[in-house]
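J.: Before I ask anything, let me first share the structure, which is written out below as structure tokens.
The values are calculated or read from the model by the stated rules, or taken from the named source; none is laboratory data. Keep in mind it's a predicted model, so treat the numbers as computed, not measured. Cβ placement follows ideal geometry from the backbone for every residue including glycine, while neighbour counts extend to all protein chains displayed.
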Amino acid sequence: KAGVTQTPRYLIKTRGQQVTLSCSPISGHRSVSWYQQTPGQGLQFLFEYFSETQRNKGNFPGRFSGRQFSNSRSEMNVSTLELGDSALYLCASSLEGTTTDTQYFGPGTRLTVL
Amino acid sequence: LAKTTQPISMDSYEGQEVNITCSHNNIATNDYITWYQQFPSQGPRFIIQGYKTKVTNEVASLFIPADRKSSTLSLPRVSLSDTAVYYCLVVLNQAGTALIFGKGTTLSVSS
């Protein structure tokens, strides 16, 4: 079974631009979560989607948004990029997103903002 | 939200057993304890999850005392490839997942 895939793997943008990252969950998984990882703040939860609805949201500004499609694929968008948005963005999927569901992480998208 | 505390770093040699302890004093009754492993520039990988007493799988054991205020991840006979960051998480028993990661423990295994 294929794992979680994220595209693109690397991205370079400049301040003020916007970016869209894509995540394809494991087949059959309906919950998709997004995380940001930086050296300073570590791994931080952004949001979770289930059945095309945002079910949980972390403490990030409104510039960070996401959506989920009917096939469970998910995208996250960051508008008006800032230097501090440079990070590894990780997507994770699970069957239903319950407490005991195992979260499977993708390899991440490395975003660099210049 | 239950906060976790674990050592920042640990050193070990190949073949030794490594025990990483995590404290979570204000864990709620229905919360679960989960451990993840992360290698540089990769996403975290699930290791083990438990609620109480002892859980064992093919890679690790998780010991949780009766008061559940701490837990210990045990890695038997570590190898160089076990060098990674290990995260202890308290997973809220709620609809939907929001994994809250702490700083983790950097385990360095040498020969």
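Matching residues to (1) in contact with a Cys (Cβ under 9 Å, 6 or more places away or on another chain); (2) farther than 18 Å from residue B:102 by Cβ; (3) in a strand (DSSP E or B):
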{"residue": "B:3", "(1), (2), (3)": "no, no, no"}
{"residue": "B:11", "(1), (2), (3)": "no, yes, yes"}
{"residue": "B:15", "(1), (2), (3)": "no, yes, no"}
{"residue": "B:21", "(1), (2), (3)": "yes, no, yes"}
{"residue": "B:28", "(1), (2), (3)": "no, no, no"}
{"residue": "B:33", "(1), (2), (3)": "yes, no, yes"}
{"residue": "B:37", "(1), (2), (3)": "no, no, yes"}
{"residue": "B:48", "(1), (2), (3)": "no, no, yes"}
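J.: I've got another one for you. Quick one: would you say residue B:103 is touching a Ser or Thr at 6+ places or on another chain (Cβ under 8 Å) and basic (Lys, Arg)?
T.: Working: touching a Ser or Thr at 6+ places or on another chain (Cβ under 8 Å): no; basic (Lys, Arg): yes.
Judged against the criteria, residue B:103 is not a match.
Per-residue answers, yes or no, for (1) among the small types (Gly, Ala, Ser); (2) at pLDDT 95 or above; (3) assigned to a loop (DSSP other than H, G, I, E, B); (4) more than 22 Å from residue A:91 (Cβ to Cβ):
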site: B:63; (1), (2), (3), (4): no, yes, no, yes
site: B:72; (1), (2), (3), (4): no, yes, no, yes
site: B:78; (1), (2), (3), (4): no, yes, yes, yes
site: B:94; (1), (2), (3), (4): no, no, yes, no
site: B:102; (1), (2), (3), (4): yes, no, yes, no
site: B:107; (1), (2), (3), (4): no, yes, no, yes
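Residue-by-condition table, conditions (1) free of Cβ contacts under 8 Å to residues at least 24 places away in the same chain; (2) aromatic (Phe, Trp, Tyr); (3) surrounded by 14 or more Cβ atoms within 10 Å (Cβ to Cβ):
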position	(1), (2), (3)
B:17	no, no, no
B:36	no, yes, yes
B:45	yes, no, yes
B:49	no, no, yes
B:53	yes, no, no
B:57	yes, no, no
B:70	no, no, yes
B:76	no, no, no
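J.: Here's another thing I want to ask about it. Taking the range B:6-35 only, how many residues are under 19 Å from residue B:81 (Cα atoms) and among the polar types (S, T, N, Q)?
T.: 4
J.: Here is a list of conditions, (1) crowded, with 19+ Cβ neighbours inside 10 Å; (2) within 14 Å of another protein chain (Cβ to nearest Cβ), and residue B:107 meets all of them except one; can you say which number that is?
T.: It fails just one condition, (2).
J.: Which of the residues that make up the range B:56-87 are under 15 Å from residue B:22 (Cα atoms), β-branched (Val, Ile, Thr) and within 14 Å of chain A (Cβ to nearest Cβ)?
T.: Within the range B:56-87, B:85 is the sole residue that qualifies.
J.: Another one. For chain A, give me every one of the strands (runs of 3 or more DSSP E) that falls completely inside it and has 3 or more residues that are surrounded by fewer than 22 Cβ atoms within 10 Å (Cβ to Cβ) and away from chain B (no Cβ under 14 Å).
T.: Details: elements: A:5-7, A:10-13, A:19-24, A:31-38, A:42-50, A:53-57, A:64-68, A:74-78, A:87-94, A:109-113.
The qualifying strands (runs of 3 or more DSSP E) are A:10-13, A:19-24, A:64-68.
J.: I'd like to check something: does the range B:45-55 contain any residue that is at the interface with chain A (Cβ under 9 Å from one of its Cβ atoms), at pLDDT 95 or above and in contact with a Pro (Cβ under 7 Å, 6 or more places away or on another chain)?
T.: No, the conditions are met nowhere in the range B:45-55.
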